1. Could you please find all residues in region 434-453 being touching a residue at least 60 places away in the same chain (Cβ under 8 Å), among the β-branched types (Val, Ile, Thr) and either part of a helix (DSSP H, G or I) or in contact with a strand residue (DSSP E or B) (Cβ under 8 Å, 6 or more places away or on another chain) (or both)?
2. Is region 103-115 home to any residue that is within 14 Å of residue 135 (Cα to Cα) and free of Cβ contacts under 8 Å to residues at least 24 places away in the same chain?
3. Among the listed residues 390, 336, 301, identify the single one that is in a strand (DSSP E or B) and either more than 24 Å from residue 426 (Cβ to Cβ) or of a type outside the set (Asp, Glu) (or both).
4. Kindly indicate whether any position in region 197-208 is touching a strand residue (DSSP E or B) at 6+ places or on another chain (Cβ under 9 Å), of a type in the set (A, V, I, L, M, F, W, C) and modelled with pLDDT under 95.
5. Please indicate, with yes or no, whether at least one residue in region 132-144 is at negative phi and over 17 Å from the mean Cα position of the chain (by Cα).
6. Go over the candidates 90, 123 one by one and state the one that is surrounded by fewer than 24 Cβ atoms within 10 Å (Cβ to Cβ) and modelled with pLDDT under 95.
7. In this structure, does residue 201 turn out to be surrounded by 23 or more Cβ atoms within 10 Å (Cβ to Cβ) and either charged (D, E, K, R) or at positive phi (or both)?
8. Filter region 366-381 for residues that are surrounded by fewer than 17 Cβ atoms within 10 Å (Cβ to Cβ) and touching a residue at least 12 places away in the same chain (Cβ under 8 Å); which is nearest to residue 135 (Cα to Cα)?
Amino acid sequence: MVQFPKIIQGGMGVGVSNWRLANAVSRLGQLGVVSGTAIDSLFLRRLADGDLGGHMRRGLEAFPFPDMARRIWNEYFVPGGKPSEAAYPNVPMHQRVEPRKLVELCIVSNFVEVFLAREGHRNPVGINFLEKVQMPHLASIYGAMLAGVSYVLMGAGIPLHIPGVLDAYATHQISEYKLAVTGATPEQDTFMRFNPADYVEGPLPLLNRPRFLAIVSSNTLAATMLRRANGRVDGFVIESPTAGGHNAPPRGKLQLNDAGEPVYGERDRVDLAGFREMGVPFWLAGGYGNAEKLREALDEGAAGIQVGTAFAFSDESGMRSDLKAKLIAQARASLGEVFTDPLASPTGFPFKVAQLEGTASSFPIYQERKRVCDLGYLREPYAAEDGKIGYRCAAEPVANYVAKGGKVEDTVGRKCLCNALMANIGHAQTRKDGSVEVPLVTVGDDLNSIAQFLVPGRESYSAVDVVRSLLRLSMAGVEAEPKAEPLLAATA
């Protein structure tokens, strides 16, 4: 019988759910999850900073294709790190047909993140992707599978084609993925393709098919996944509108409350009895970050819970320490505020934003930022007049967006999440005028509840503290606290 984790650590991007956090959670017997969102750019910036601690190099040395690893290292590693005032280099933005160099960077960066999360223990590790960020999918998943990832989780859309990609890679077959292109005609080729044979060096490595968990917000979406996905769906994470990051839009016509936040109603509630009848495991997410809610989830027939916000503020997460400290202080005083912004994300999905001075949530700081789109993970592919596929982002310069057929009203209030989320983890871009990108912290509505993990005399807490607290009731009479698997010798 399969033993599923009671706790899935949320896959918070960009780089908040890093390899250190996932390693710590998985060693405790729960499912540690790394974020695959923009991991290629994050990997590049780690190398540009001189690979502090030598962790990226250790991962590269374990990579099964040494020539590819050597090319990446030689091109991007900066001995001693770049000058602090210098800009980070950027890779070309993703598109349907990728240059080989960018594909290799995606493969390698995803491998290294999963490898480091798995290092020193034998427990499963997962990786989380956003369906909205489609163009890196094929190379990223292949790299994660090369590292032995056990679970792939995906939300922010309807990932019908991901199970088939996992099946294809497990047998070294060519994978295809249909790119969502606005305005494309039926005869237009919008498929992305990846052939593992084009990248391997030597014999084909043995790959195991990871379990696939779709992150959904409704029974209808879950039923659609089970009925129409091109491969096996192994379970669901049911995410409520109180969860951090991107939220599914309310069903029906969008209405806003007096504060300007989307209003969710009865149509947005899930029927857990319906999920139980589907016969696949499910986890509940969004406001489930305490022992009582875990017990409640188990009583409802769930395999467990997914928890993000609590882990985002743990010592091991990739969030900047100063941002953690400020928001933990707010939570301790029950003063933390989270706004569900219907406009911030270029995707059009509502996006949770912690209200914090000095970040993009405060005005006029962000109004003064010159619009720049140089990472492009949230760009929208569209059918251009010349028959090719173009790319636009509602957070790019307004004139550019409108010139590509976008509506000017769609640019109002949009923020460059790509650059802001990089700033959250200490890799903010420096511009030619000396300005530095500001962060924009996303957390769940239960921000103030993280104070429960603090003990007297301490200003922070660890992933162990979170897991121990969450399991307090479900493990009563079985085990006093989670025990970490003994640390194995690190793979060099």
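1. Matches in region 434-453: 441, 442, 443, 450.
2. So far as region 103-115 goes, no, none of its residues is within 14 Å of residue 135 (Cα to Cα) and free of Cβ contacts under 8 Å to residues at least 24 places away in the same chain.
3. Values: 336 fails: in a strand (DSSP E or B); 301 fails: in a strand (DSSP E or B).
After applying the criteria, what remains is 390.
4. Our first condition is that a residue be touching a strand residue (DSSP E or B) at 6+ places or on another chain (Cβ under 9 Å); within region 197-208, this holds for none.
So far as region 197-208 goes, no, none of its residues is touching a strand residue (DSSP E or B) at 6+ places or on another chain (Cβ under 9 Å), of a type in the set (A, V, I, L, M, F, W, C) and modelled with pLDDT under 95.
5. no
6. On the way: 123 fails: modelled with pLDDT under 95.
It is 90.
7. Details: surrounded by 23 or more Cβ atoms within 10 Å (Cβ to Cβ): no; either charged (D, E, K, R) or at positive phi (or both): yes.
For residue 201, the condition - surrounded by 23 or more Cβ atoms within 10 Å (Cβ to Cβ) and either charged (D, E, K, R) or at positive phi (or both) - is not met.
8. First, pick out the residues of region 366-381 that are surrounded by fewer than 17 Cβ atoms within 10 Å (Cβ to Cβ): 367-368, 370-372, 374.
Narrowing the set further to residues that are touching a residue at least 12 places away in the same chain (Cβ under 8 Å) leaves 370-372, 374.
Numbers: 370: 26, 371: 23, 372: 20, 374: 15 Å.
Restricting to residues being surrounded by fewer than 17 Cβ atoms within 10 Å (Cβ to Cβ) and touching a residue at least 12 places away in the same chain (Cβ under 8 Å), the top hit is 374.
The values are calculated or read from the model by the stated rules, or taken from the named source; none is laboratory data. The structure presented is a predicted model; accordingly, all values stated were derived computationally and were not measured. Positions of Cβ are backbone-derived with ideal geometry, glycine not excepted, and every protein chain shown enters the neighbour counts.
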